[in-house]
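*Asks:* Structure in C-alpha cells, see below.
The values are calculated or read from the model by the stated rules, or taken from the named source; none is laboratory data. Note that the structure is predicted; figures quoted are calculated from it, not measured. Neighbour counts run over all protein chains shown; Cβ positions are idealised from the backbone, glycine included. Remember, those area values only see protein heavy atoms, side chains included, never the ligands or the DNA or RNA. Shrake-Rupley method; radii C 1.70, N 1.55, O 1.52, S 1.80 Å.
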Amino acid sequence: MIGRIVGTGSYIPQYCMDNNDIAKLVETSDEWIRERTGVARRHIISGEETTVSMASVAGKRALENAGIEPEEVDLILVSTISSNVILPCAACEVQKEIGAVNATCFDLNAACTGFILAYNTAAAYIAAGVYKTALIIGSESLSNLTNWNDRGTCILFGDGAGAAVLAAQPEASETSETTDKPEASENDTSKLFIPVTHSNGAGGEALSLKSRHDANGLTKEVDKEETFDEAHYMQMDGRAVFKFAVKKVPEVIEETLQLNKLKKENIACYILHQANRRIIESVAKRLDEPLEKFPMNLEEYGNTSSASIPILLDEWNRQGKLKSGSKIVLAGFGAGLTWGASVISV
Ligand code: ACO
C-alpha cells in the first residue's frame, strides 16, 4: 500500500506583526528584513491559542477536507519543537480534542525537518500495512521561544499549524494481475517513493535552545511573560545555517530524484521549508529549475518551522493547484542539523 495525501488543513493566528512592529523592538527596518529574508509579516498566537489548539483546528480541517471521520484515524503524529504541553504529548491532546478515539498518538521533534519525518513515518507505517489512515500535523508557537531582543532571530519566526491526512491506497504493483512488478511509467503516481533524510549532530550548535528548568529540575510550561537567559531562547548562527541550507537542500533533492529514477521534468513543484526567500532562490538556481516551481508564502508567515510545509501544502490544495496525477517534492532543513526530501504524488 502507499499513503496518499487525501486532505489538508491549516490554522493561522489572527494577530499579525509586520516588520515595522519588529523595528520598534530591535534596531532593524522593513527594508532590511524584506531584502535579506523576504519576510514582511508573521502571525503570533494570542489569548487562548496554543500549539495544541492550532494543531487541533488544522487537524480537524484536514479531516473535513478529506471527508474522513475522526474515528477512522489510526495514527496522529504531531511535529513540534514548541508545544505548550510535555505530558501528555500534543498528539494525545489533539486526539482528545477532535475525538479520534482509535488513533495511536505521538510527537516528533526534528525542528524544521519535522514534517518531512512525520510524513515518512506515517507513509512507512501505511506501506507496512500497520495503519490505514494517518493525520500528520506540524504546529509551532515559535514566538514563545524567540528572543525578542535578538535582531538576528526575531525577524524570522512566526506561529501556525498545518496538517495532512494520508490514506492507504494500493500501489501500482498490487493492482497488477501478474507477480512481476511492472515498470512504473513517468506519469504513474501509484508508486511508493523512497525518501532521503540526513542528520549531523556535530553541527547542532548552529541552531540551539536549552530546555527551561526550574530550581527543582522540572521543565516549566513555556510562558511569554517570563524571562529566561539567552540560552533558553532560540540561538542561531545565521550565516552557518544559510550556508548549510543552500548546499544540502539541492543535494538531498538531487539524491532523492536519482534514487527514485525521476527527472526534474516529472516534478510539478518543490514545496520547501519556508525559512528565507534567498535560500529558496539559491536552491532553485543550483537545481537549475525555474523559481516558479517553488511556491512561497514566507512573506506572510515568516518561518513557522515544522508547520511551514503543511501550511503551504494546504494553501496550494485549496487553490486547486495540487493537480491530480502530479508529483511534488517536499524538502526541509533545520536544527539538529537535519535535512531531507520526499516525493509525494497527488
Ligand atoms: N537588521 C539590520 N541589520 C542586521 C539584522 C537586522 N535584523 N541582523 C543582522 N544585521 C546586521 C549584522 O549585524 C551585520 O552587520 P555588520 O556587517 O556590521 O556586522 C549585517 O547585518 C550582516 O549580518 P549577517 O548575519 O551576515 O546577515 P545575513 O545576510 O546572513 O542575514 C539572516 C541574516 C537573515 C539571519 C540569514 O543569515 C539567514 O536567513 N540565515 C538562515 C536562517 C534560517 O533559515 N534559520 C532557520 C533554520 S530552520 C529551523 O530549524 C528553525
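*Asks:* Please work out if S308 is hydroxyl-bearing (S, T, Y), assigned to a helix (DSSP H, G or I) and free of Cβ contacts under 8 Å to residues at least 60 places away in the same chain.
*Replies:* no
*Asks:* Please verify whether A231 is hydrophobic (A, V, I, L, M, F, W, C) and at pLDDT 55 or above, treating the condition exactly as stated.
*Replies:* Yes: the conditions hold for A231.
*Asks:* Also: Say whether the condition of being among the charged types (D, E, K, R), open to solvent by 10 Å² or more (accessible area, probe 1.4 Å) and under 23 Å from K191 (Cα atoms) is met by at least one residue in region 296-316.
*Replies:* no
*Asks:* Quickly run through region 60-100 and pick out the residues that are touching a Cys at 6+ places or on another chain (Cβ under 6 Å) and surrounded by fewer than 22 Cβ atoms within 10 Å (Cβ to Cβ).
*Replies:* Residue satisfying the conditions is C92 alone.
*Asks:* Please give the number of the condition E281 fails out of (1) open to solvent by 10 Å² or more (accessible area, probe 1.4 Å); (2) assigned to a helix (DSSP H, G or I); (3) more than 13 Å from the ligand (Cβ to nearest atom).
*Replies:* Single failed check for E281: (3).
*Asks:* Being farther than 21 Å from I309 by Cα, of a type in the set (S, T, Y) and under 26 Å from the mean Cα position of the chain (by Cα) is the filter here; which residues of region 16-50 pass it?
*Replies:* Listed by number, the list holds a single entry, S46.
*Asks:* Which members of region 108-137 meet the condition of being assigned to a loop (DSSP other than H, G, I, E, B) and among the aromatic types (F, W, Y)?
*Replies:* Y131
*Asks:* Only one residue in V85, V101, V39 is within 21 Å of H273 (Cβ to Cβ) and assigned to a loop (DSSP other than H, G, I, E, B), so which one is that?
*Replies:* V39
*Asks:* Given (1) assigned to a helix (DSSP H, G or I); (2) open to solvent by less than 10 Å² (accessible area, probe 1.4 Å); (3) not aromatic (F, W, Y), where does Q274 come up short, assuming only one miss?
*Replies:* All conditions pass for Q274, except number (1).
*Asks:* Would you mention how many residues in region 329-341 are surrounded by fewer than 23 Cβ atoms within 10 Å (Cβ to Cβ) and more than 16 Å from the ligand (Cβ to nearest atom)?
*Replies:* 0
*Asks:* Which of (1) open to solvent by 10 Å² or more (accessible area, probe 1.4 Å); (2) touching a residue at least 24 places away in the same chain (Cβ under 8 Å); (3) away from the ligand (no atom under 14 Å from the Cβ); (4) out of contact with any helix residue (DSSP H, G or I) (no Cβ under 8 Å at 6 or more places or on another chain) is the odd one out, the single condition N149 does not satisfy?
*Replies:* (3) is the only condition that N149 fails.
*Asks:* Just to check your reading of the model, which residue among A91, A23, A40 is touching a Ser or Thr at 6+ places or on another chain (Cβ under 8 Å) and of a type in the set (A, V, I, L, M, F, W, C)?
*Replies:* A23
*Asks:* Then there's this: Can you run down the residue pairs with Cβ atoms below 7 Å, 6 or more apart or on separate chains, where the first is in region 14-30 and within 29 Å of S53 (Cα to Cα) and the partner is of a type in the set (A, V, I, L, M) and open to solvent by less than 40 Å² (accessible area, probe 1.4 Å)?
*Replies:* As it stands, the answer is Y15/I44; M17/I44; D18/A40; N19/I33; N19/A40; I22/I33; I22/I155, since those pairs meet every condition given.
*Asks:* Of all residues in region 29-59 being of a type in the set (S, T, Y) and surrounded by fewer than 17 Cβ atoms within 10 Å (Cβ to Cβ), which is nearest to the ligand (Cβ to nearest atom)?
*Replies:* The qualifying residue nearest to the ligand (Cβ to nearest atom) is S29.
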